[in-house]
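Since the structure comes first, as structure tokens, the remarks are kept for the end.
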């Protein structure tokens, strides 16, 4: 037994007022408790207790030492209780990183967390991939395939997507009637697509698969910019953001080849550590999974 454990044992003996009672609380034999007390006194070079058949009495040194030992035990218990609260009730700062365009979804999904007064929320909204460790991120939302890493990924669900364009663009350039018609149109994409011609695979209503080579006319690092470009008639794009789906609802964008779909865009929640998560992370993950199961954007 190390010195700190012996200090805690000494504090327990003094508080109990009896070796036998303390031994019962500590689930030890009285002889083992007595042995550890002697080892503690030996290490200190001072007697801490006057022992008699009837009671234990503190020496002057023991009385002074008990104050420090009791404070140490109280501090340890306080720290343990604080961790228990951290484990059981959301508190502290919850830091979530997500692509631009997910702000509205996060606001709605995490609304129940407002009831926790000790919890604050920090959203790092950027289409660039952030370093979870460096930025102290608790949860990051990522779309699509994930690279191998030590990070922990949880699948939240599949994002609805739809090929779309503005009515003005289609009026000027014609409506694609078949996936191969897309090869004659300008494609708008993210930075990951690169420049020039890119291959896309679409599946039809009868499970037919068609490989299409599209020309990436414009790239943007943010989905808000892609949305604006698409509405302005720069080309055909994939509707994934909340703004895109609102535009489809109000007619600013219209579906293109609605019966044909690109591969599913899987939404993951990434956490930087394995094992038991604090309450704030557990609650947020549960709320996100529930929200995505019903509606993503």
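A few points about this structure:
- When only Cα pairs below 8 angstrom with a gap of at least 6 residues are kept, the range 133-254 shows a relative contact order of 31 percent.
- Relative to the longest principal axis of the Cα atoms of the chain, helix 60-88 runs at roughly 20 degrees.
- Within the chain, helix-based [θ] at 222 nm, where runs of 4 or more DSSP H residues each add -39,500 (n - 2.57), nearest 500: -12000 deg cm²/dmol
- Cα centroid separation, the range 1-66 to the range 172-241: 77 Å.
- Using only alpha carbons, the range 150-297 has a radius of gyration to Kirkwood radius ratio (Rg to Rh) of 1.03.
- Considering only beta bridges that DSSP places wholly inside the range 1-133, some 30 percent are antiparallel.
- Here the scattering of the range 35-184 is modelled by Debye summation over its C-alpha atoms, one equal scatterer each and no solvent; at q = 0.21 Å⁻¹ the log10 of I(q)/I(0) is -1.33.
- When the convex hull of its Cα atoms is projected in every direction, mean area for the chain (nm²): 22.4 nm²
- Here the relative contact order of the chain, from alpha carbon pairs under 8 Å that lie six or more residues apart, stands at 22 percent.
- Rounded to 5, percent antiparallel among DSSP beta bridges of the chain: 65 percent
- Relative contact order of the range 3-88, pairs being alpha-carbon contacts under 8 Å that are 6 or more residues apart, as %: 29 percent
- Against the chain, whose longest principal axis comes from its Cα atoms, helix 30-44 is set at around 90 degrees.
- In degrees, nearest ten, helix 279-294 long axis to first principal axis of the chain (Cα): 30 degrees
Rule-based calculations on the coordinates, nothing more; no lab input. Only a predicted model underlies this, so the values are computations on that prediction, with no experimental measurement involved.
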